Amino acid sequence: MPVDLNQRIIACRRCPRLVAWRERVACEKKREFREWEYWGRPVPSFGDWDARLLVVGLAPGAHGANRTGRMFTGDSAGRWLFRALHRAGFASQPASERRDDGMKLFDCYINAAIHCAPPDNKPLPSELENCSDYFREELAGLTKLRVVVALGKIAFDQYCRLAGIRPVPRFEHHRVYPFQPVLIASYHPSRQNTNTGKLTEAMFDAVFATARELLRRGNAPVRIPRR
């Protein structure tokens, strides 16, 4: 990511509700992380600026990325994501718990619909709009992008809106949408989805296997069995 964009994201205070929440969480902390100095600021995107794969998340986790300072680092959702990325060859290691742990992404860039942890993981429409300038700037700069994986309906809808996809199509897990770049929808690896079995590791791995195959084929169609 360009340094200037990174710095502007980290310094952002556009959303008073989110500023208050992220700083409150960083002050109160979670008991198991009481020795941590929380990041407590907007979390910049992470990865290879020349990537052909973009992974769009929802927002930093209150005690995950809001604590560690790196997207999808330090919580359950991140463990699921990095395991899947590692198995598909997009990440250097299968787990990431700290922003200085040596994790590297290969041909992959991770951002989110919003850069601050929202209460109950539910950003307001105005907050999504406030953060959209950064997203648009990233989309303009990711000139080699070929495949986008959107994790969850909010991320899916926000990406479609900012990419100019109208009307926004119906969200369906592991559906491949023939746009340019190609778009793949996936359930978010939240505890709500993984603990209930709505999303399994096999299902999640299949999404990134499809992304890898699309890149290998140069975006030729991949047939997905209907469920």
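Of everything in segment 1-45, what is within 21 Å of Ser126 (Cα to Cα) and aromatic (Phe, Trp, Tyr)? Give them in sequence order.
The one that is within 21 Å of Ser126 (Cα to Cα) and aromatic (Phe, Trp, Tyr): Trp21.
Of all residues in segment 29-52, count the ones that are touching a residue at least 60 places away in the same chain (Cβ under 8 Å) and out of contact with any Gly (no Cβ under 9 Å at 6 or more places or on another chain).
Total satisfying the criteria: 8.
Given the structure, is Ala150 more than 19 Å from Leu18 (Cβ to Cβ) and modelled with pLDDT of 95 or more? Outline the logic, then answer.
Numbers: more than 19 Å from Leu18 (Cβ to Cβ): yes; modelled with pLDDT of 95 or more: yes.
Yes, satisfied.
Taking the criterion of being under 28 Å from Ala88 (Cα atoms), surrounded by fewer than 20 Cβ atoms within 10 Å (Cβ to Cβ) and among the polar types (S, T, N, Q), would at least one residue in segment 36-53 satisfy it?
no
Can you tell me which residue in segment 194-204 is nearest to the chain's Cα centre (by Cα), limited to those that are under 17 Å from Val149 (Cα atoms) and of a type outside the set (D, E, K, R)? Let's see the steps before the verdict.
Step one: filter segment 194-204 for residues under 17 Å from Val149 (Cα atoms), giving 199-204.
Filter once more, so that each one left must be of a type outside the set (D, E, K, R): 199-200, 202-204.
Values: Leu199: 16, Thr200: 18, Ala202: 19, Met203: 17, Phe204: 14 Å.
Filtering segment 194-204 for residues that are under 17 Å from Val149 (Cα atoms) and of a type outside the set (D, E, K, R), the one nearest to the chain's Cα centre (by Cα) comes out as Phe204.
When segment 209-227 is examined, which residues are found to be in contact with a strand residue (DSSP E or B) (Cβ under 7 Å, 6 or more places away or on another chain) and modelled with pLDDT of 95 or more?
Thr210, Ala211, Leu214, Leu215
Filter segment 1-28 down to the residues that are in contact (Cβ under 8 Å) with a residue 40 or more places away in the chain and of a type outside the set (A, V, I, L, M), then identify the one that is surrounded by the fewest Cβ atoms within 10 Å (Cβ to Cβ).
Applying the first criterion (in contact (Cβ under 8 Å) with a residue 40 or more places away in the chain) to segment 1-28 yields 1-2, 5, 8-9, 12, 14-15, 17-19, 21-22, 25-26.
After this cut, where a residue has to be of a type outside the set (A, V, I, L, M) as well, the list is 2, 8, 12, 14-15, 17, 21-22.
Values: Pro2: 11, Arg8: 15, Cys12: 19, Arg14: 15, Cys15: 23, Arg17: 14, Trp21: 19, Arg22: 25.
Only one residue fits best here, namely Pro2.
Can you pull out every residue in segment 62-79 that is free of Cβ contacts under 8 Å to residues at least 60 places away in the same chain and either assigned to a loop (DSSP other than H, G, I, E, B) or surrounded by fewer than 21 Cβ atoms within 10 Å (Cβ to Cβ) (or both)?
Listed by number, the residues that qualify are Ala62, His63, Gly64, Gly69, Arg70, Met71, Phe72, Thr73, Gly74, Asp75, Arg79.
With segment 80-196 as the region, which helices (runs of 4 or more DSSP H) entirely inside it contain at least 3 residues that are buried (at least 23 other Cβ atoms within 10 Å of the Cβ) and either charged (D, E, K, R) or touching a residue at least 40 places away in the same chain (Cβ under 8 Å) (or both)?
Numbers: elements: 125-141, 153-163, 191-194.
So the answer is 153-163.
So which of Val168, Val182, Val148, Val176 ends up being among the aliphatic types (A, V, I, L, M) and farther than 22 Å from Arg52 by Cα? Outline the logic, then answer.
On the way: Val182 fails: farther than 22 Å from Arg52 by Cα; Val148 fails: farther than 22 Å from Arg52 by Cα; Val176 fails: farther than 22 Å from Arg52 by Cα.
From the options Val168, Val182, Val148, Val176, the qualifying one is Val168.
The values are calculated or read from the model by the stated rules, or taken from the named source; none is laboratory data. These numbers come from a predicted model, not from an experiment. Because the Cβ atoms are built from the backbone with ideal geometry, glycine has one as well, and the counts that use them run over all protein chains shown.
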